[in-house]
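Enquirer: Can you read through this structure? Questions will come right after.
The values are calculated or read from the model by the stated rules, or taken from the named source; none is laboratory data. Computed from a prediction, not measured in an experiment: that's the story for all the values here. Cβ sites come from the backbone with ideal geometry, for glycine too, and all protein chains shown count toward neighbours. Keep in mind that these areas ignore ligands, DNA and RNA; they rest on the heavy atoms of the full protein, side chains included. Shrake-Rupley method; radii C 1.70, N 1.55, O 1.52, S 1.80 Å.
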Amino acid sequence: GLRRREASVLVVGLDNSGKTSLLNFLLPTDEQSSDVVPTVGFNVEHFSRQGVSFTAFDMSGQSRYRTMWANYYHSTNGIIFVVDSSDRTRILVAREELQQLLSHRDIYSRNIPILVFANKMDLRDALSDVGVSSALGLDGIINKSWHICSSNALKGDGIADGIDWLSTAIK
Ligand code: GTP
Ligand code: MG
């Protein structure tokens, strides 16, 4: 019916992958910022999409802040993992961080959806969604639904598609 759903999502991924830029695109126009700066700690943002009212925890991806991610695993309804598809060296670090997240006790046994954005698709060196998926080892994910979308957080391409999948996947 017209029941309005609420969902809390955790937005993680390495620094410079484009998490804040991507969320900025989902905000109401008057709340969007014209210059995105590296996140310190985390920020909380709100947006609505397809009748779902989202609270998003935009975490810093810098290595010294990454240990904070796990503090929010137990209370999240979904994970958004953002990857810089053009950063072929650090995609291995991204894989490590994702695999650690997946094996964490607050995530492992819970059926929460994982949405991956293969971001920066506009850059010449960018891997395709299939390339990012295999680099991250997404095929090895068991007992969770996951989805990958190529995106360009500067123009907004691919973002709505991903969030629409998440809206449906979150129960
Ligand atoms: P931390 O907060 O440090 O974890 O980084 P972040 O993941 O939030 O990245 P942020 O959104 O701050 O973006 C990092 C840089 O990448 C900025 O200069 C953005 O303008 C740029 N950027 C983000 N998304 C894209 C994209 O899709 N394409 C291109 N070309 N640049 C992007
Ligand atoms: Mg950020």
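Enquirer: Can you classify the range 79-171 as rounded, prolate or oblate using the Cα gyration tensor, where a ≥ b ≥ c are the square roots of its eigenvalues, rounded means a/c under 1.5, and otherwise it's prolate if a/b beats b/c and oblate if not?
Expert: oblate
Enquirer: If you don't mind, there's one more thing I want to ask. What number comes out for accessible area per residue over the range 23-150 if the probe is 1.4 Å? Units Å², please.
Expert: Heavy-atom accessible area per residue stands at 52 Å².
Enquirer: Report ³J(HN,Hα) in whole Hz for each residue of the range 111-125, in order, from the Karplus equation J = 6.51 cos²θ - 1.76 cosθ + 1.60 where θ = phi - 60°; Gly and Pro get x.
Expert: 8, 10, x, 10, 9, 10, 9, 7, 7, 6, 4, 6, 7, 4, 7
Enquirer: Let me ask something additional. Of all the accessible heavy-atom surface of the chain, with the other protein chains kept in place and a 1.4 Å probe, what percent is carbon and sulfur?
Expert: 49
Enquirer: Roughly how many debye, to the nearest 20, is the charge dipole of the chain about its Cα centre, given +1 on each Lys and Arg Cβ, -1 on each Asp and Glu Cβ, and no other charges? Numbers along the way, then the final one.
Expert: Numbers: 17 positive and 19 negative charges, 110 e Å.
Rounded to the nearest 20 debye, it is 520 debye.
Enquirer: Additional query: Cβ under 13 Å from L98's Cβ, L98 left aside: what net charge do those residues give with Lys, Arg +1 and Asp, Glu -1?
Expert: Details: positive: R66, R90, R95, K144; negative: E96, E97, D139.
The answer is +1.
Enquirer: Going Cα to Cα from K120, which lysines come in below 26 Å? Please leave out same-chain ones fewer than 8 positions away.
Expert: Excluding near neighbours in sequence, the set is K19, K144, K155.
Enquirer: If you don't mind, another one. Using a simple spin-label model with points 7 Å from Cα along the Cα→Cβ vector, what separation in nm is obtained for S33 and L154?
Expert: 1.9
Enquirer: Before rounding to the nearest 500, sum -39500 (n - 2.57) across all DSSP H runs of length at least 4 in the chain and divide by the residue total; then give [θ] at 222 nm in deg cm²/dmol.
Expert: Computed ellipticity for the chain at 222 nm equals -7000 deg cm²/dmol.
Enquirer: Shifting gears a bit: Please label the shape of the range 4-45 as rounded, prolate or oblate, based on the square roots a ≥ b ≥ c of the eigenvalues of the alpha-carbon gyration tensor (a/c under 1.5 means rounded; beyond that, a/b larger than b/c means prolate, else oblate).
Expert: Because a/c hits 1.5 or more and a/b fails to exceed b/c, the range 4-45 counts as oblate.
Enquirer: 5 Å is the cut-off here: which amide hydrogens, built 1.01 Å from N in the peptide plane, fall below it relative to T55, excluding neighbours closer than 5 in sequence?
Expert: A7, S8, V9
Enquirer: Which of the peptides 82-91, 159-168, 62-71 is most tightly packed, and how do the rest follow, going by the mean number of other Cβ atoms within 10 Å of each residue?
Expert: 82-91, 159-168, 62-71
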